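The values are calculated or read from the model by the stated rules, or taken from the named source; none is laboratory data. As the structure is a prediction and not an experimental result, all values here were calculated from the model. Neighbour counts are summed over all protein chains in view; Cβ atoms, including those assigned to glycine, are modelled from backbone coordinates with ideal geometry.
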Amino acid sequence: MKSDPLQKLAEKLNSLSVDSFWDVGKFIVEKILPVAKSNKLSEEELYRLLTTTPGFKFQPGLLKQCQMYFTYYPDMKKRKLPESFYFELATKVNDEDHRKEYERAAYQNKWTIGELRKHIREDALTERESERTKFGFDLRNTNVWNFDVPDPRFGKPGYKGRIAGQIVANALYYYTDPGANVVDPFAGSGTLGDVINSLSCFGDRRYKMLDSEPSDERIKQNNIFLTGIPAESGTVDYVFLDLPDDFYSNPDELNVAISNFKMKFKTVFRETHRILKIGGKASVVVGSKTGESGVADFPFEVERMFADANYRIAGKVFLPEKTGRKFNYFERKPLVPEMTELLTFQKQAEI
């Protein structure tokens, strides 16, 4: 650990009861944060260092929640509701006025903790629906974008490899600005064009869709491996890359799979880098694969290629997906990945 004082405080923190979240939060805020500040540690670095203490029993996420609990309710012991209510409010409700409203309603209506959770959950769903009405799609505010059913307005039903249009819409919302010039080199069923054409909030984005096998007249036929991307250098604000299935070889031959992926993606990266403006962004939908010989960590290879070219990571989003594979408890096989990643990188000025 970075400092002996912090090591001693971590050991003392570890002696506290895991059931007393408020006391844990109080100790973090009053004892540990001042030491971390003097050592110029960020909160993320602090929690990571604390958890390196041998036998440490708190997870980083729980430490953060305890800190929020005490920060929002330092006078909790004077309040009228049970402690569990305030922990729920501190960790599930960001707005102070909303926390006060829930506290007042819970006390006046004599809610149980289950009823409080139900109201928070229902209000969150209502707010999400309100945002969807406002923007025209299911806008997400966390880095896990889970969509059980693709929005029927975006992409062609039954098209192999069709990406949920809600993913594209969220990516455009977070990673593009009004008037952005957007390119999709693997346009597939034209989902990106459908999103931009259908949603007024993206109506000022200009886009170009390309594919080796165009599915409609909006998509220009282009094989990136033969002719690159038909766009002038340094003119594009955003590139969306949903990599085709043929980028992923059989993971049972791990080294071959990784080598083939890197060879193909190197061409894609080179062209993406060429056409992007300084400050422009590129998003890559990519997942890992498992086989008998191990894990082919394709997202790592993508991150490393962008990092080597001095790109900044602008976003990391997780996209849960169902494999449909039946599990046999008596047959031990490699774990099946059910999480694809949407990695976004921003081009920096040349050093």
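Considering only residues that are under 17 Å from the mean Cα position of the chain (by Cα) and hydroxyl-bearing (Ser, Thr, Tyr), which ones fall in region 281-324? Selection gives 283, 288. Taking residue 149, is it of a type in the set (Val, Ile, Thr) and not assigned by TED's automatic domain parsing to the domain that holds residue 281? Judged against the criteria, residue 149 is a match.
Residues that are under 23 Å from residue 27 (Cβ atoms) and touching a helix residue (DSSP H, G or I) at 6+ places or on another chain (Cβ under 7 Å): which helices (runs of 4 or more DSSP H) entirely in region 46-111 hold 3 or more of them? Please lay out each step first, then the result.
Working: elements: 60-72, 83-92, 96-109.
Helices (runs of 4 or more DSSP H) meeting the threshold: 60-72, 83-92.
Regarding region 68-83, can at least one residue be identified that is at pLDDT 90 or above, closer than 26 Å to residue 127 by Cβ, under 23 Å from the mean Cα position of the chain (by Cα) and not β-branched (Val, Ile, Thr)? Yes, region 68-83 has at least one match.
If I filter region 15-26 for residues that are modelled with pLDDT of 85 or more and over 16 Å from residue 64 (Cα atoms), do I get at least one hit? Yes, some residue in region 15-26 is modelled with pLDDT of 85 or more and over 16 Å from residue 64 (Cα atoms).
Tell me, please, whether a residue that is within 22 Å of the chain's Cα centre (by Cα), more than 19 Å from residue 342 (Cβ to Cβ) and at pLDDT 95 or above can be found in region 253-274. No, region 253-274 contains no residue that is within 22 Å of the chain's Cα centre (by Cα), more than 19 Å from residue 342 (Cβ to Cβ) and at pLDDT 95 or above.
Say we look at region 268-294 and pick out the residues that are closer than 10 Å to residue 346 by Cβ, in contact with a strand residue (DSSP E or B) (Cβ under 6 Å, 6 or more places away or on another chain) and not hydrophobic (A, V, I, L, M, F, W, C); which of these is surrounded by the most Cβ atoms within 10 Å (Cβ to Cβ)?
Among them, the one singled out is 281.
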